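Q: Encoded as structure tokens, here's the structure I'll be asking about.
No lab work stands behind these numbers, since they all come straight from the coordinates. Quantities reported herein were computed from a predicted structural model and do not represent experimental measurements.
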């Protein structure tokens, strides 16, 4: 079984990865001119933003 510390470290790694994906998706959306591709990248960014929220909620629950 994982300890609270192990969960915390794991969730922190996942949080950093998801936050990086938000930034990279935004950067890619900013770089493209094609409106369809830009919109697609922005949808991915919104998904990644939602994932950040999920991880933060898991972190909160793991601390309880």
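Q: At q = 0.18, 0.27, 0.29 Å⁻¹, what is the base-10 log of I(q)/I(0) for the chain according to the Debye formula with one equal point scatterer per Cα and no solvent? Please give it to two decimals.
A: Result of the Debye calculation: -0.65, -1.02, -1.10.
Q: A follow-up question, please. Which one, 32, 22, 52, has the greatest fluctuation when you compute a Gaussian network model over the chain with C-alpha springs under 10 angstrom?
A: 32
Q: How large is the helix-only mean residue ellipticity at 222 nm for the chain, computed as the sum of -39500 (n - 2.57) over DSSP H runs with n ≥ 4, divided by its residue count, in deg cm²/dmol to the nearest 500?
A: -32000 deg cm²/dmol
Q: Looking at the chain as a GNM with Cα springs under 10 Å, which of 24, 36, 48 has the largest mean-square fluctuation?
A: 36
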